[in-house]
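The values are calculated or read from the model by the stated rules, or taken from the named source; none is laboratory data. What you see is a predicted model, and the numbers here were worked out from it, not measured in a lab. Here the Cβ is made from the backbone with ideal geometry for all residues, glycine too, and neighbour counts use every protein chain on show. Accessible surface areas use protein heavy atoms only, side chains included; no ligands, DNA or RNA. Shrake-Rupley method; radii C 1.70, N 1.55, O 1.52, S 1.80 Å.
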Amino acid sequence: MIELRTPAEIDEMRPAGVFVAEVLSALREKAAVGVNLLELDELAHKMIRDRGAESCYIDYHPSFGASPFGKVLCTSVNDAVLHGLPHDYTLADGDLLTVDFAASVNGWVSDSALSVIVGTERPEDRRLIDVTTEALAAGIAQAVVGNKTGDISNAIGAVATLAGYKINTDFGGHGVGRTMHGDPHITNKGRPNRGFPLREGLVIAIEPWFLQSTDLLVTDPDGWTLRSADGSRGAHQEHTVAITADGPIILTDRHDGH
C-alpha cells in the first residue's frame, strides 16, 4: 500500500532523518585502519540508546533473511555491497566500506547509506563511489510531483550505464514511513514515465548501488551479506527523501559535504 504524508507528518519525520544522518557522520569519522566492524556497530548502538531511538535492523527478519539480523548496522566491505552483517573483522588500509543504517525516532523511520575508503585510496574505488553519489543526486532530482518512479529509476540507470557499470534490479529504493520498507519499490534501472505517480507526501528511500564489473550477487554463509559474484567491489549511497510541492526534501542530509 502506498502511503502519503501530510506536511505536518513530514515535519514529524525530520528528527529521525537528522538522527540517522548524525550516526552516519559519526561512523564515517570512526572508520579507520585498525577499527573493528563490531566497534562501529557498538557506536551506533550506543547512539541509539542515548537518543531513545529504535533500531530497524536488530529484529529484522524478512523472507530472504536466514535469521533475525541481530545488529544495528549493515557493514559491507570490498566485494560485499548490501546487508553486510557486522562481524569480527578489522578494517585494513584500502578497504572500501559501505555503512547502511535505519532507525525509528518517535515512531518514524529514516534510512540512509554511504561508502567510504579506509586509508589509501584506489582510483577505481573513488570512481565507483563518485558514480553512485552522482546517481543518487540524479535520482533525487527526479523526485518531483508529476513524475513517476520510472523517472527516478531511469535517471539512476543512465548515470551507471554511462560509467560502464551493470545494474542489478533485485534490491533498490522503497517507501519509508512507520516501517523501514514499504511501497513503492524503486529499481536502479527503469523507463521514464512508467511506474507509480510521484505525489506530494510520498516519502521514499532512493539508493543506487553498483558493482565494478558485474550485476550478479552471491550470499555469504551468514545468510545476509551480499557480495559480487566475481569479487569486484561495490558502493552504495542512500537518502530518505520527501516529495513536496516545493520539490524533494532530503530528510537524511548530512550537511557535511558528503
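Summary table below
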{"item": "Relative contact order (%) - criterion: Cα under 8 Å, at least six apart; region: segment 178-258", "result": "28 percent"}
{"item": "Rel. contact order, % - alpha carbon contacts under 8 angstrom, at least six apart, segment 88-232", "result": "22 percent"}
{"item": "Gyration tensor (alpha-carbon) shape descriptor, the chain, a/c threshold 1.5", "result": "oblate"}
{"item": "Separation between Cα centres of segment 193-253 and segment 9-59, rounded to whole Å", "result": "18 Å"}
{"item": "Accessible surface of segment 133-223 [probe 1.4 Å, protein heavy atoms]: carbon and sulfur percent", "result": "52 percent"}
{"item": "Charge dipole magnitude, Cβ of K and R +1, D and E -1 - segment 5-119, Cα centre, debye nearest 20", "result": "160 debye"}
{"item": "For the chain, calculated [θ]222 nm from helices alone, where every DSSP H run of n ≥ 4 adds -39500 (n - 2.57)", "result": "-9500 deg cm²/dmol"}
{"item": "Computed accessible area, Thr214, all protein chains, 1.4 angstrom probe, square angstrom", "result": "10 Å²"}
{"item": "Cα coordinate range in segment 146-258, projected on the principal axes (Å, largest first)", "result": "43, 30, 29"}
{"item": "Highest average packing first - 220-228, 131-139, Cβ atoms within 10 Å", "result": "131-139, 220-228"}
{"item": "Where Rh is the Kirkwood radius over Cα pairs, Rg/Rh for segment 21-75", "result": "1.00"}
{"item": "Protection-proxy order for peptides 4-12, 71-79, 19-27, each taking the mean of Cβ atoms within 10 Å per residue, highest first", "result": "71-79, 19-27, 4-12"}
{"item": "About the Cα centre, charge dipole magnitude for the chain (Lys/Arg +1, Asp/Glu -1 at Cβ), debye", "result": "540 debye"}
{"item": "15 Å beta-carbon shell around Gly150, net charge (K/R +1, D/E -1)", "result": "+3"}
{"item": "Spread of Cα-to-Cα distances over 10 Å intervals beginning at zero, given as percent, for segment 1-114", "result": "14, 44, 31, 10, 2"}
{"item": "Candidates Asp183, Asp125, Asp170, ranked by Gaussian network fluctuation over the chain, Cα under 10 Å, top entry", "result": "Asp170"}
{"item": "Net charge of Cβ neighbours under 15 Å - reference Arg191; Lys, Arg +1; Asp, Glu -1", "result": "+2"}
{"item": "Signed unit charges on C-beta, dipole axis of the chain, positive-most listed residue Ala245, Thr120, Asn168", "result": "Ala245"}
{"item": "Residues of the chain: accessible area per residue with a 1.4 Å probe, Å²", "result": "42 Å²"}
{"item": "Selected from Val116, Val145, Val203 as most flexible by GNM, with the chain as the system and alpha-carbon contacts under 10 Å", "result": "Val145"}
